[in-house]
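Notes follow once the structure below has been shown.
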Amino acid sequence: MVGDVAERVNGASTAIVTGASRGIGAAIAQDLASRGFHVVVNFREDLAGAERTVRAIEGAGGSAELQRADVTSRDDVARLVGSVAASGRAIGVLINNAGILRDSSFRKMAPDDWRAVLETNLIGVINVCHAVVPHMIERKFGRIVTIASFVGQSGNFGQTNYAAAKAGIIGFTKSLALELAQYDVTVNAVCPGFIRTGMWDAIPEAAKEKLVSRIPLRRVGSPDEVARGVRYLVENGDYVTGQTLNINGGIYM
Ligand code: NAP
């Protein structure tokens, strides 16, 4: 429970959630805030969405702040983490959620589509971890959860760039978990299946029907279902590190 976590880390109950302006990130931010964490709501462009997340948290009696930063920019990330640390808040939790899609078959994929997806979904995660990890080591406590995807485990037609980035995250997670275990910093990945967010809504209806027919539980998941898995790793996963938690309706086993 958050009380235990906060006590053990002398109040290090601030959680940074990247890409929290909508979708899965917004759900995670609201869920962690409801458990007592002060949540740093990060976004890149979608200020209105990020403000909605903060309003929802505060409306429910929680505590949050807005922080604009592009995770692909090491300067932006350093500014974000520096500003949270300078305000005296101790970062106990990092949720790497920000991510983008630039789908097309490999033959048609433009170099910019490779680069953007790898820079956001993989290098972005590394950038934020690099800035946050020293603070966690100093306190000898941390919970890092990165939102990967079942596509990083199974591959998917039209997503060579996305699959490479998400598979990279899984390897990164395991290696970082080995390095940080001695400081009681756990590092895990969550691999969602298809989740109802803007990413899902952008898929044409006919394609959605086909995709749902491939899911053993016969439905897409909700952002809240992912948030509950993240909460488990943050609050109750003290002896869980270097793992991937699959929240995917059975689409990859
Ligand atoms: P979404 O609704 O498109 O939201 C993406 C979030 O990431 C937005 O808040 C966006 O903010 C932020 N973002 C994108 N680029 C950023 C950058 N460079 N710096 C900072 N923030 C950035 O996506 P979602 O469906 O919730 O997905 C969230 C995560 O779950 C992603 O990592 C995605 O790959 C993963 N995932 C999703 C699904 C699914 O079916 N939805 C399945 C498996 C995994 P701005 O608009 O302000 O840039």
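Any read-out appearing in this document is the output of simple, stated calculations on the displayed coordinates, not a laboratory observation. Nothing here was measured: the structure is a model prediction, and the numbers come from that model. Cβ sites come from the backbone with ideal geometry, for glycine too, and all protein chains shown count toward neighbours.
Over the stretch 186-230, what is the mean sequence separation of C-alpha contacts under 8 Å (at least six apart), divided by residue count, expressed as relative contact order in percent?
On the way: 22 pairs, mean separation 24.7, N = 45.
This gives 55 percent for the stretch 186-230.
Can you tell me which of 106-114, 78-86 comes out highest on packing, and rank the rest after it, using the mean Cβ neighbours within 10 Å?
Per-residue mean Cβ counts within 10 Å order the peptides as 78-86, 106-114.
Per DSSP helix of 4 or more residues, -39500 (n - 2.57); summed, then divided by the residues of the chain. What does that give at 222 nm, rounded to the nearest 500? Walk me through the intermediate numbers first.
Details: 11 runs with 116 residues, N = 253.
-13500 deg cm²/dmol, from helical runs alone.
By how many nm would the segment from Glu58 to Lys174 lengthen if fully extended, with 0.36 nm per residue of separation less the alpha-carbon distance? Intermediate results must be reported in sequence, preceding the final value.
Working: separation 116, 0.36 × 116 = 41.76 nm, distance 3.49 nm.
Computed gain between Glu58 and Lys174 is 38.3 nm.
Given H placed on each backbone N at 1.01 Å, which residues far from Gln67 in sequence or on other chains put an amide H within less than 5 Å of it?
Val41, Asn42, Phe43
In which sequence would Arg44, Arg68, Arg214 go, from the one with the fewest C-beta neighbours within 10 Å to the one with the most?
The fewest-first ordering by Cβ neighbours comes to Arg214, Arg68, Arg44.
Under a 5 Å amide H to amide H cut-off, with H placed in plane at 1.01 Å, what residues pair with Ala98 once short-range neighbours are removed?
Thr18, Gly19
Using the count of nearby Cβ atoms within 10 Å as a rough guide to exposure, how do Val185, Val39 rank from fewest to most?
Lowest to highest Cβ neighbour count: Val185, Val39.
Set Lys and Arg Cβ to +1 and Asp and Glu Cβ to -1, take the dipole of the stretch 103-197 about its Cα centre, and tell me which of Gly155, Leu122, Thr186 lies farthest positive.
Projecting each Cα onto the dipole axis, the largest value belongs to Gly155.
If the cut-off is a Cα-Cα distance under 21 Å, which lysines reach Lys208, setting aside same-chain residues fewer than 8 apart in sequence?
The qualifying lysines are none; the list is empty.
Starting from the amide H of Gly221, placed 1.01 Å from N in the peptide plane, find each other amide H under 5 Å away whose residue is 5 or more places distant or on another chain.
Amide H to amide H, under 5 Å and 5 or more residues apart or across chains, Gly221 pairs with Phe194, Ile195, Arg196.
For a quick protection proxy, order the peptides 165-173, 241-249 by their average other-Cβ count within 10 Å, most packed first. Before the final figure, lay out each step's value.
Details: 165-173: 20.9, 241-249: 19.2.
So the order, starting with the most tightly packed, is 165-173, 241-249.
Using the charge dipole of the chain (Lys, Arg: +1 at Cβ; Asp, Glu: -1 at Cβ; taken about the Cα centre), state which of Ser63, Pro134, Asn246 has its Cα farthest towards the positive end.
So the residue furthest toward the plus end is Asn246.
Which shape class applies to the stretch 18-155: rounded if a/c is under 1.5, otherwise prolate when a/b exceeds b/c and oblate if not, where a ≥ b ≥ c are the square roots of the Cα gyration tensor eigenvalues?
prolate
Sorted by average packing, counted as other Cβ atoms within 10 angstrom per residue and highest first, what order do 54-63, 17-26 take?
Ranking the peptides 54-63, 17-26 by packing returns 17-26, 54-63.
From Cα pairs below 8 angstrom and at least 6 apart in sequence, can you work out the relative contact order of the chain, rounded to a whole percent? Please report the intermediate quantities before stating the final value.
Values: 502 pairs, mean separation 48.5, N = 253.
For the chain, the relative contact order is 19 percent.
Can you spot the lysines whose alpha carbon is less than 29 Å from Lys174's alpha carbon? Ignore those fewer than 8 places along the same chain.
Those lysines meeting the cut-off are Lys140, Lys166.
Can you work out ³J(HN,Hα) from phi for every residue in the stretch 85-100, in order, using Karplus 6.51 cos²θ - 1.76 cosθ + 1.60 and θ = phi - 60°, giving whole Hz and x for Gly and Pro?
Each residue of the stretch 85-100 in turn: 5, 5, 7, x, 8, 9, 7, x, 9, 10, 10, 8, 10, 3, x, 9 Hz.
Which of rounded, prolate, oblate describes the stretch 104-253, given a ≥ b ≥ c as roots of the alpha-carbon gyration tensor eigenvalues and a/c under 1.5 marking rounded, otherwise prolate only if a/b is larger than b/c?
Here the stretch 104-253 falls in the oblate category.
Using unit Cβ charges (K, R positive; D, E negative) and no other charged atoms, how large, in debye to the nearest 20, is the dipole of the chain about its Cα centre?
Value, rounded to 20: 500 debye.
List Asp70, Asp31 from most exposed to least, where exposure is judged by having the fewest other Cβ atoms within 10 Å.
Fewest-to-most Cβ neighbours within 10 Å comes out as Asp70, Asp31.
With an 8 Å cut-off on Cα pairs and a minimum separation of 6 or more residues, tell me the relative contact order of the stretch 119-190 in percent.
Dividing the mean separation by the residue count of the stretch 119-190 yields 40 percent.
When the Karplus curve 6.51 cos²θ - 1.76 cosθ + 1.60 is applied with θ = phi - 60°, which whole-Hz ³J(HN,Hα) does each residue of the stretch 163-176 get, with x for Gly and Pro?
5, 5, 5, 6, 5, x, 4, 5, x, 4, 4, 5, 5, 5
For Phe106 paired with Arg68, estimate the spin-label separation in nm (one decimal), with each label point 7 Å from Cα along the Cα-to-Cβ line.
About 3.9 nm, to one decimal.
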